[in-house]
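See below for the structure under consideration.
Each reported figure results from applying straightforward, stated rules to the coordinates on display, with no laboratory input. Because the structure is predicted, anything quoted here is derived from the model rather than measured. Here Cβ is always computed from backbone atoms with ideal geometry, including for glycine, and neighbour counts include all displayed protein chains.
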Amino acid sequence: MEKMKLNATFETPAVTLDSNIGKLEFTGRSLPEDTATFYRPILKWIETYLEAPNIITNIDIKLEYFNTATSKVLLNMLSKFKDSNNVTVHWFHHEEDEDMLESGKEFEELINIPFAYHTME
Amino acid sequence: MSNMKFNNLKTIYELHKTMEENQVIIAYEGEFDINTTQSVLSLAEKNLDQKLEKGQTKRRAFNIAVECLQNISTHSDRNDEFPNSIFIIGQEGNEFYISSGNTIKSSKVESLQKKIDQINNLDNEGLKQLHMQAIKESLKVEESSNAGLGLISIARKSGQKLDYEFIPVDSNNAFFSFQATFVKPE
């Protein structure tokens with residue numbers, strides 16, 4: 001399946017979705033008011049991916065900011081993986097950003113898939 | 001301030017003085033759509049970047065600004081008679097005030113008031129629980145009904161009580177003034 005790559009904008013993250021290595025990466029900020037327009041093709045890509053996923057899937061969330069509209073989409077998106085095997089969410093945060101770390105823990109509590117926490121520059 | 005008209009040059013000076021006296025950093029008054037929201041947000045970020053250290057502090061203040069602005073464009077009940085909303089960031093010493101004002105239907109006042117009062121009565125842990133509950137519920141119901149997620153997020157980032165006031169503008173509409181405070185850490 002096609003690799004998907006989107007560049008970052010003022011209010012949307014850089015996105016790389018690569019089925020060959022089972023890697024989904026979101027970097028930057030996600031603040032769109034209209035989350036549906038931005039995330040619909042991503043959610044569609046994920047649904048197709050899940051029909052024949054890679055042996056392992058790593059989802060890297062390297063966000064500096066996200067708005068509450070995005071948090072709904074993230075929950076929805078990550079929940080799609082809850083019945084899959086070998087999926088890990090890698091949740092990145094700036095070292096001093098305890099809010100972002102806490103957000104990760106909240107998502108982990110809401111979704112039954114493993115989370116790993118990492119700091120980023 | 002009464003009887004202001006745009007063709008009155010004095011208005012320019014009066015508005016300028018009012019904004020200076022109230023320590024306004026940014027004010028935008030007008031119709032809010034996705035494009036204006038983004039422009040105002042970009043301007044807000046530049047100003048916060050200058051006034052706050054990078055890192056957690058700036059991120060929290062910026063997050064409040066994002067939710068505040070998006071509350072205006074998502075939840076105001078604009079109509080031909082009341083098309084405009086207002087967004088203001090002010091600063092007094094270490095305190096930043098992030099404010100919005102928009103018209104909503106009078107029928108929504110009671111539930112919005114209840115929502116904010118509920119948020120104001122909770123401590124950090126209570127807000128966390130409310131957030132978890134609200135985000136789960138928000139997935140069940142369709143769009144737009146964000147179950148107050150934005151307000152909860154503002155309260156958590158602010159760490160202060162949310163201030164608000166409803167001013168009836170006619171029999172069907174009320175003006176909703178909202179203010180979040182953000183204290184710059186020592």
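Annotations for the structure displayed:
- B:E20 paired with B:K184, simple spin-label distance in nm, labels 7 Å along Cα-to-beta-carbon: 2.1 nm
- Under the simplified labelling scheme, the A:S84-B:Q50 pair shows an inter-label distance of 4.6 nm, with each label point 7 Å from Cα along Cα→Cβ.
- Charges were assigned to the Cβ only: +1 to each Lys and Arg, -1 to each Asp and Glu. The resulting dipole of the protein assembly as shown about its Cα centre is roughly 300 debye.
- Shielding by partners - mean other protein chain Cβ count within 10 Å, residues of A:74-84: 1
- Top of A:K62, A:K23, A:K82 by mean-square fluctuation, Gaussian network on chain A, Cα under 10 Å: A:K82
- Where labels lie 7 Å past Cα in the beta-carbon direction, separation of B:D77 and B:V109 in nm: 1.1 nm
- With at most 12 neighbouring Cβ atoms within 10 Å, loop trypsin sites (Lys or Arg not before Pro) (DSSP) excluded, longest segment of chain B: B:55-186
- Each Cα pair under 8 Å and six or more residues apart adds its separation to the average, and for chain B the resulting relative contact order is 24 percent.
- The residue list B:L15, B:I88, B:S39 was ranked by how far each Cα lies along the charge dipole of the protein assembly as shown toward its positive end, using unit charges on Cβ atoms, and B:S39 comes out on top.
- Between the residues A:L31, B:A174, A:I56, the greatest Cα displacement towards the positive end of the dipole of the protein assembly as shown, with unit charges on the Cβ of Lys, Arg, Asp and Glu, is found for A:I56.
- Net charge in the neighbourhood of A:S84 (other residues with Cβ under 15 Å of its Cβ; Lys, Arg +1, Asp, Glu -1) is 0.
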